[in-house]
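Right, one structure below, let's go through it.
The values are calculated or read from the model by the stated rules, or taken from the named source; none is laboratory data. Everything numeric in this text was worked out from a predicted model, so none of it was measured. Methodologically, a virtual Cβ is constructed for each residue, glycine included, from the backbone with ideal geometry; neighbour enumeration extends over all protein chains shown. Just so you know, the surface numbers come from the protein's heavy atoms only, side chains and all, with ligands and any DNA or RNA stripped out. Shrake-Rupley method; radii C 1.70, N 1.55, O 1.52, S 1.80 Å.
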Amino acid sequence: MTSVAQQGSACSIIPFVVAIKSYHRGYYIGHGKNGWAKQAQIADEWEMLTPVKNDDGTWSFKSRWGYWLSGHTKMDPKEGETQRFEANFEHKKQACEKWRLELA
């Protein structure tokens with residue numbers, strides 16, 4: 001790896017990336033084939049997302065392939081659940097691609 005000074009440019013900015021890991025099962029959310037989210041035990045390039053702060057205070061997460069992490073209400077909850085969701089990746093950033101972050 002070369003430094004910015006060695007490359008001859010002082011304007012290079014590398015955006016930071018995050019990997020989102022579930023609390024309950026400990027899997028990372030990754031960008032799978034055909035826009036579906038996949039589970040991963042290790043955070044690799046498919047699991048790296050760039051956080052983008054939206055004007056309304058929410059956050060969106062963009063994959064390296066230009067798709068937005070999206071959450072949707074799925075089907076009827078299983079016993080003991082209040083709601084059931086699924087995640088995928090969408091081409092456009094709309095309401096389902098905005099996330100509220102809370103400190104736990």
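Listed values, structure above:
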| read-out | value |
| --- | --- |
| Condition met for Ala87 (at pLDDT 90 or above, out of contact with any Cys (no Cβ under 8 Å at 6 or more places or on another chain) and surrounded by 11 or more Cβ atoms within 10 Å (Cβ to Cβ)) | no |
| Flag for Gln6 being over 22 Å from Arg100 (Cα atoms) and at pLDDT 90 or above | no |
| Options Lys38, Lys93; residue that is at pLDDT 85 or above and assigned to a loop (DSSP other than H, G, I, E, B) | Lys93 |
| Candidates Trp46, Trp68, Trp59 - the one that is open to solvent by 80 Å² or more (accessible area, probe 1.4 Å), within 11 Å of the chain's Cα centre (by Cα) and either under 19 Å from Phe16 (Cβ atoms) or basic (Lys, Arg) (or both) | Trp46 |
